[in-house]
1. Residue under question is residue 121, and the condition is that it be assigned by TED's automatic domain parsing to the domain that holds residue 43, part of a strand (DSSP E or B) and within 23 Å of residue 190 (Cβ to Cβ); does it hold?
2. Please go through the range 304-319 and pick out each residue that is surrounded by 16 or more Cβ atoms within 10 Å (Cβ to Cβ) and either assigned to a strand (DSSP E or B) or free of Cβ contacts under 8 Å to residues at least 24 places away in the same chain (or both).
3. Residue by residue through the range 134-145, note down the ones that are surrounded by fewer than 22 Cβ atoms within 10 Å (Cβ to Cβ) and without any contact (Cβ under 8 Å) to a residue 60 or more places away in the chain.
4. On the given criteria, is residue 210 outside any strand (DSSP E or B), in contact with a strand residue (DSSP E or B) (Cβ under 9 Å, 6 or more places away or on another chain) and assigned by TED's automatic domain parsing to the domain that holds residue 268?
5. Could you tell me which of the residues 58, 66 is out of contact with any helix residue (DSSP H, G or I) (no Cβ under 7 Å at 6 or more places or on another chain) and over 26 Å from residue 193 (Cβ atoms)?
6. What tally of residues in the range 220-270 results from selecting those that are part of a loop (DSSP other than H, G, I, E, B) and modelled with pLDDT under 90?
7. Residue 162 - would you say it is on the phi < 0 side of the Ramachandran plot, in contact with a strand residue (DSSP E or B) (Cβ under 6 Å, 6 or more places away or on another chain), at pLDDT 90 or above and surrounded by 16 or more Cβ atoms within 10 Å (Cβ to Cβ)?
8. For the range 53-79, give me each residue that is more than 17 Å from residue 154 (Cβ to Cβ) and crowded, with 18+ Cβ neighbours inside 10 Å.
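The values are calculated or read from the model by the stated rules, or taken from the named source; none is laboratory data. Because the structure is predicted, anything quoted here is derived from the model rather than measured. Here the Cβ positions follow ideal geometry from the backbone for every residue, glycine too, while neighbour counts run over all protein chains shown.
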(Lines give C-alpha, C1' and ligand atoms only; values in the text may rest on other atoms or scores of the structure.)
Protein backbone atom coordinates (compact mmCIF):
# COMPACT_ATOMS: atom_id res chain seq x y z
CA UNK A 1 0.00 0.00 0.00
CA UNK A 2 1.61 3.26 -1.09
CA UNK A 3 1.16 6.67 -2.66
CA UNK A 4 4.07 7.83 -4.80
CA UNK A 5 4.69 11.05 -6.72
CA UNK A 6 5.49 10.84 -10.43
CA UNK A 7 7.58 13.71 -11.77
CA UNK A 8 7.92 15.11 -15.28
CA UNK A 9 10.28 18.01 -16.02
CA UNK A 10 10.91 18.30 -12.26
CA UNK A 11 7.22 18.92 -11.57
CA UNK A 12 4.65 16.57 -10.09
CA UNK A 13 2.84 14.99 -13.02
CA UNK A 14 0.75 12.24 -11.40
CA UNK A 15 0.15 10.11 -8.34
CA UNK A 16 0.87 6.40 -8.29
CA UNK A 17 -1.66 4.86 -5.91
CA UNK A 18 -1.04 1.17 -5.43
CA UNK A 19 0.24 0.76 -8.96
CA UNK A 20 -2.44 2.89 -10.67
CA UNK A 21 -1.51 6.22 -12.19
CA UNK A 22 -3.72 9.29 -11.71
CA UNK A 23 -2.65 12.38 -13.64
CA UNK A 24 -2.86 15.82 -12.02
CA UNK A 25 -5.11 18.40 -13.57
CA UNK A 26 -4.05 22.03 -14.02
CA UNK A 27 -5.09 23.05 -10.50
CA UNK A 28 -3.14 20.28 -8.70
CA UNK A 29 -6.27 18.16 -8.53
CA UNK A 30 -6.44 14.40 -8.88
CA UNK A 31 -9.68 12.46 -9.36
CA UNK A 32 -9.45 9.02 -7.76
CA UNK A 33 -11.97 6.33 -6.81
CA UNK A 34 -12.63 5.54 -3.17
CA UNK A 35 -11.87 1.85 -3.72
CA UNK A 36 -8.27 2.59 -4.79
CA UNK A 37 -7.53 4.74 -1.74
CA UNK A 38 -8.71 2.06 0.67
CA UNK A 39 -6.08 1.18 3.25
CA UNK A 40 -3.68 3.94 2.26
CA UNK A 41 -2.25 5.86 5.18
CA UNK A 42 -3.22 9.49 5.55
CA UNK A 43 0.38 10.38 6.45
CA UNK A 44 1.47 9.27 2.93
CA UNK A 45 -0.91 11.76 1.32
CA UNK A 46 1.20 14.58 -0.25
CA UNK A 47 0.55 18.15 0.81
CA UNK A 48 -0.49 20.70 -1.79
CA UNK A 49 -2.58 18.23 -3.81
CA UNK A 50 -6.35 17.83 -3.73
CA UNK A 51 -8.12 14.56 -4.42
CA UNK A 52 -11.69 14.61 -5.66
CA UNK A 53 -13.34 11.38 -4.58
CA UNK A 54 -15.35 9.41 -7.11
CA UNK A 55 -17.07 6.04 -7.16
CA UNK A 56 -15.25 4.60 -10.17
CA UNK A 57 -13.28 5.35 -13.34
CA UNK A 58 -13.82 3.08 -16.33
CA UNK A 59 -12.52 3.91 -19.83
CA UNK A 60 -12.24 7.57 -18.85
CA UNK A 61 -15.87 7.56 -17.65
CA UNK A 62 -15.98 8.98 -14.13
CA UNK A 63 -18.85 8.14 -11.78
CA UNK A 64 -18.86 10.99 -9.27
CA UNK A 65 -20.06 10.96 -5.67
CA UNK A 66 -23.61 11.98 -4.89
CA UNK A 67 -22.09 15.04 -3.20
CA UNK A 68 -18.85 16.14 -4.91
CA UNK A 69 -16.16 15.88 -2.26
CA UNK A 70 -12.54 17.02 -2.25
CA UNK A 71 -9.87 16.26 0.33
CA UNK A 72 -6.48 17.83 1.06
CA UNK A 73 -3.88 17.29 3.77
CA UNK A 74 -3.55 20.04 6.38
CA UNK A 75 -1.18 18.30 8.75
CA UNK A 76 -0.25 14.77 9.75
CA UNK A 77 -3.52 12.79 9.86
CA UNK A 78 -5.61 15.98 9.58
CA UNK A 79 -7.63 16.25 6.38
CA UNK A 80 -9.69 19.16 5.10
CA UNK A 81 -12.86 17.89 3.43
CA UNK A 82 -14.80 20.21 1.12
CA UNK A 83 -18.35 19.50 -0.09
CA UNK A 84 -19.94 21.22 -3.08
CA UNK A 85 -23.68 20.80 -3.58
CA UNK A 86 -24.50 22.71 -6.76
CA UNK A 87 -27.90 21.81 -8.16
CA UNK A 88 -29.83 23.20 -11.11
CA UNK A 89 -33.55 23.82 -10.88
CA UNK A 90 -33.96 22.41 -14.39
CA UNK A 91 -33.20 18.84 -13.30
CA UNK A 92 -34.50 18.92 -9.74
CA UNK A 93 -37.22 16.31 -9.20
CA UNK A 94 -37.45 16.22 -5.40
CA UNK A 95 -40.76 15.97 -3.54
CA UNK A 96 -40.47 19.64 -2.51
CA UNK A 97 -39.04 22.77 -4.10
CA UNK A 98 -35.27 23.00 -4.50
CA UNK A 99 -35.14 26.40 -2.76
CA UNK A 100 -36.84 25.07 0.39
CA UNK A 101 -34.66 21.95 0.43
CA UNK A 102 -31.40 23.86 0.04
CA UNK A 103 -32.28 26.64 2.47
CA UNK A 104 -33.21 24.06 5.10
CA UNK A 105 -29.96 22.20 4.52
CA UNK A 106 -28.01 25.47 4.71
CA UNK A 107 -29.67 26.40 8.02
CA UNK A 108 -28.92 22.97 9.51
CA UNK A 109 -25.25 23.29 8.56
CA UNK A 110 -25.17 26.82 9.97
CA UNK A 111 -26.73 25.66 13.27
CA UNK A 112 -24.28 22.80 13.52
CA UNK A 113 -21.39 25.16 12.79
CA UNK A 114 -22.52 27.51 15.58
CA UNK A 115 -23.25 24.78 18.12
CA UNK A 116 -20.74 22.00 17.41
CA UNK A 117 -18.08 23.92 15.48
CA UNK A 118 -17.24 20.79 13.46
CA UNK A 119 -18.55 22.02 10.08
CA UNK A 120 -18.06 25.39 8.38
CA UNK A 121 -20.62 26.90 6.01
CA UNK A 122 -18.42 28.31 3.25
CA UNK A 123 -20.87 29.73 0.73
CA UNK A 124 -24.51 29.76 -0.34
CA UNK A 125 -25.59 31.28 -3.64
CA UNK A 126 -28.83 31.24 -5.63
CA UNK A 127 -28.61 32.78 -9.11
CA UNK A 128 -32.09 31.72 -10.19
CA UNK A 129 -30.94 28.77 -12.28
CA UNK A 130 -28.50 27.10 -9.90
CA UNK A 131 -28.25 26.91 -6.14
CA UNK A 132 -24.78 26.33 -4.77
CA UNK A 133 -24.06 25.22 -1.19
CA UNK A 134 -20.47 24.62 -0.12
CA UNK A 135 -19.27 23.59 3.32
CA UNK A 136 -16.20 21.97 4.83
CA UNK A 137 -14.79 20.23 7.89
CA UNK A 138 -11.56 18.86 9.28
CA UNK A 139 -11.28 15.15 10.04
CA UNK A 140 -8.54 13.33 11.93
CA UNK A 141 -7.94 9.85 10.51
CA UNK A 142 -5.19 7.27 10.15
CA UNK A 143 -6.32 5.55 6.95
CA UNK A 144 -8.51 6.55 4.05
CA UNK A 145 -11.03 3.90 5.12
CA UNK A 146 -11.44 5.75 8.42
CA UNK A 147 -11.71 9.04 6.55
CA UNK A 148 -14.36 7.77 4.13
CA UNK A 149 -16.38 6.33 7.01
CA UNK A 150 -16.31 9.71 8.77
CA UNK A 151 -17.29 11.53 5.56
CA UNK A 152 -20.21 9.15 5.01
CA UNK A 153 -21.41 9.70 8.56
CA UNK A 154 -21.41 13.48 8.16
CA UNK A 155 -23.27 13.48 4.83
CA UNK A 156 -25.79 10.86 5.96
CA UNK A 157 -26.44 12.68 9.23
CA UNK A 158 -27.00 15.97 7.39
CA UNK A 159 -29.40 14.22 5.02
CA UNK A 160 -31.30 12.73 7.94
CA UNK A 161 -31.45 16.07 9.76
CA UNK A 162 -32.77 17.79 6.62
CA UNK A 163 -35.44 15.16 6.09
CA UNK A 164 -36.50 15.34 9.74
CA UNK A 165 -36.80 19.11 9.56
CA UNK A 166 -38.93 18.94 6.41
CA UNK A 167 -40.95 15.89 7.40
CA UNK A 168 -40.43 14.42 3.96
CA UNK A 169 -42.59 11.41 3.12
CA UNK A 170 -39.63 9.10 2.44
CA UNK A 171 -37.99 9.80 5.80
CA UNK A 172 -39.63 6.91 7.63
CA UNK A 173 -38.05 4.50 10.05
CA UNK A 174 -39.62 1.62 8.17
CA UNK A 175 -37.67 2.53 5.03
CA UNK A 176 -34.33 1.65 6.57
CA UNK A 177 -33.00 -1.87 6.32
CA UNK A 178 -29.71 -1.38 8.19
CA UNK A 179 -29.09 -0.52 11.82
CA UNK A 180 -26.32 1.89 10.82
CA UNK A 181 -28.68 3.95 8.60
CA UNK A 182 -31.30 4.05 11.35
CA UNK A 183 -28.63 5.20 13.80
CA UNK A 184 -26.99 7.87 11.63
CA UNK A 185 -29.99 9.32 9.77
CA UNK A 186 -32.57 9.16 12.57
CA UNK A 187 -31.05 8.83 16.03
CA UNK A 188 -27.99 11.08 15.79
CA UNK A 189 -29.94 14.11 14.44
CA UNK A 190 -32.71 13.41 16.97
CA UNK A 191 -30.38 13.42 19.99
CA UNK A 192 -28.70 16.60 18.75
CA UNK A 193 -32.14 18.22 18.35
CA UNK A 194 -33.01 17.16 21.89
CA UNK A 195 -30.15 19.36 23.10
CA UNK A 196 -27.56 16.75 24.04
CA UNK A 197 -23.90 17.55 23.52
CA UNK A 198 -20.84 15.45 22.64
CA UNK A 199 -23.00 13.12 20.53
CA UNK A 200 -20.68 10.40 19.23
CA UNK A 201 -21.43 7.35 17.11
CA UNK A 202 -19.05 4.50 17.83
CA UNK A 203 -19.26 3.07 14.30
CA UNK A 204 -18.74 -0.69 14.31
CA UNK A 205 -16.67 -0.64 17.46
CA UNK A 206 -19.03 -1.10 20.35
CA UNK A 207 -18.07 0.79 23.50
CA UNK A 208 -19.24 -2.12 25.67
CA UNK A 209 -22.92 -1.86 24.82
CA UNK A 210 -22.85 1.83 23.89
CA UNK A 211 -23.43 2.41 20.16
CA UNK A 212 -23.92 6.13 20.85
CA UNK A 213 -22.70 8.27 23.72
CA UNK A 214 -23.60 11.84 24.60
CA UNK A 215 -23.87 14.20 27.54
CA UNK A 216 -26.09 16.84 29.08
CA UNK A 217 -25.24 19.52 31.60
CA UNK A 218 -27.29 18.86 34.70
CA UNK A 219 -29.03 21.32 37.01
CA UNK A 220 -25.92 21.09 39.23
CA UNK A 221 -23.68 22.32 36.39
CA UNK A 222 -22.09 18.90 35.97
CA UNK A 223 -22.05 16.69 32.89
CA UNK A 224 -24.26 13.60 32.98
CA UNK A 225 -23.34 10.93 30.44
CA UNK A 226 -25.71 8.71 28.49
CA UNK A 227 -25.18 5.59 26.42
CA UNK A 228 -27.47 4.24 23.72
CA UNK A 229 -27.79 0.61 22.68
CA UNK A 230 -29.38 0.49 19.23
CA UNK A 231 -31.38 -2.39 17.77
CA UNK A 232 -33.09 -2.49 14.40
CA UNK A 233 -36.49 -4.17 14.31
CA UNK A 234 -38.57 -5.61 17.14
CA UNK A 235 -37.30 -6.96 20.44
CA UNK A 236 -39.31 -9.93 21.63
CA UNK A 237 -39.56 -11.23 25.16
CA UNK A 238 -39.86 -14.68 23.64
CA UNK A 239 -36.33 -14.53 22.20
CA UNK A 240 -34.27 -15.47 25.24
CA UNK A 241 -30.95 -15.15 23.43
CA UNK A 242 -31.66 -11.59 22.37
CA UNK A 243 -32.93 -10.64 25.84
CA UNK A 244 -29.85 -12.12 27.52
CA UNK A 245 -27.62 -10.25 25.09
CA UNK A 246 -29.34 -6.95 25.89
CA UNK A 247 -29.04 -7.61 29.63
CA UNK A 248 -25.31 -8.34 29.31
CA UNK A 249 -24.77 -5.26 27.14
CA UNK A 250 -26.69 -3.06 29.57
CA UNK A 251 -24.59 -4.22 32.54
CA UNK A 252 -21.37 -3.73 30.56
CA UNK A 253 -22.50 -0.27 29.42
CA UNK A 254 -22.83 0.90 33.01
CA UNK A 255 -19.76 -0.79 34.42
CA UNK A 256 -17.21 -0.08 31.68
CA UNK A 257 -15.98 3.51 31.27
CA UNK A 258 -15.46 5.11 27.88
CA UNK A 259 -13.11 7.79 26.65
CA UNK A 260 -14.85 11.12 26.11
CA UNK A 261 -12.91 12.83 23.31
CA UNK A 262 -14.27 16.23 24.33
CA UNK A 263 -13.26 16.25 28.01
CA UNK A 264 -10.35 13.86 27.31
CA UNK A 265 -11.27 11.82 30.36
CA UNK A 266 -12.54 8.34 31.01
CA UNK A 267 -16.15 8.62 32.16
CA UNK A 268 -19.07 6.35 32.98
CA UNK A 269 -22.67 6.68 31.91
CA UNK A 270 -25.39 7.31 34.45
CA UNK A 271 -28.26 6.41 32.11
CA UNK A 272 -28.66 3.90 29.29
CA UNK A 273 -31.19 4.20 26.47
CA UNK A 274 -32.24 1.08 24.59
CA UNK A 275 -33.56 2.46 21.29
CA UNK A 276 -35.21 0.21 18.73
CA UNK A 277 -36.86 0.92 15.39
CA UNK A 278 -39.73 -1.51 15.99
CA UNK A 279 -41.65 -2.62 19.07
CA UNK A 280 -40.93 -4.27 22.40
CA UNK A 281 -43.16 -7.35 22.37
CA UNK A 282 -44.10 -10.17 24.74
CA UNK A 283 -43.08 -8.36 27.92
CA UNK A 284 -39.56 -7.75 26.59
CA UNK A 285 -39.03 -4.66 28.76
CA UNK A 286 -40.06 -6.47 31.95
CA UNK A 287 -37.74 -9.37 31.18
CA UNK A 288 -34.79 -7.05 30.56
CA UNK A 289 -35.42 -5.12 33.78
CA UNK A 290 -35.93 -8.33 35.79
CA UNK A 291 -32.66 -9.71 34.44
CA UNK A 292 -30.70 -6.85 35.99
CA UNK A 293 -30.43 -7.35 39.74
CA UNK A 294 -28.62 -4.13 40.54
CA UNK A 295 -31.38 -1.59 41.34
CA UNK A 296 -29.31 1.56 40.59
CA UNK A 297 -28.74 0.16 37.11
CA UNK A 298 -32.25 -1.03 36.32
CA UNK A 299 -33.74 2.27 37.53
CA UNK A 300 -31.66 4.20 35.00
CA UNK A 301 -32.59 2.39 31.80
CA UNK A 302 -34.83 4.20 29.31
CA UNK A 303 -36.69 2.26 26.63
CA UNK A 304 -37.55 4.01 23.35
CA UNK A 305 -39.40 2.23 20.55
CA UNK A 306 -40.20 3.26 16.99
CA UNK A 307 -43.49 4.95 17.88
CA UNK A 308 -41.83 7.06 20.58
CA UNK A 309 -39.08 8.05 18.15
CA UNK A 310 -41.68 9.13 15.56
CA UNK A 311 -43.41 11.28 18.20
CA UNK A 312 -40.12 12.93 19.14
CA UNK A 313 -39.25 13.55 15.48
CA UNK A 314 -42.52 15.43 14.96
CA UNK A 315 -41.29 18.13 17.36
CA UNK A 316 -38.56 19.12 14.95
CA UNK A 317 -40.50 19.35 11.74
CA UNK A 318 -40.24 22.92 10.48
CA UNK A 319 -43.10 22.66 8.01
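1. For residue 121, the condition - assigned by TED's automatic domain parsing to the domain that holds residue 43, part of a strand (DSSP E or B) and within 23 Å of residue 190 (Cβ to Cβ) - is met.
2. 304 - this is the single residue of the range 304-319 that is surrounded by 16 or more Cβ atoms within 10 Å (Cβ to Cβ) and either assigned to a strand (DSSP E or B) or free of Cβ contacts under 8 Å to residues at least 24 places away in the same chain (or both).
3. Selection gives 134, 136, 137.
4. Answer is yes for this residue.
5. Residue meeting the stated conditions: 58.
6. Matching residues across the range 220-270 total 10.
7. Criteria not met by residue 162.
8. Correct list: 54, 73.
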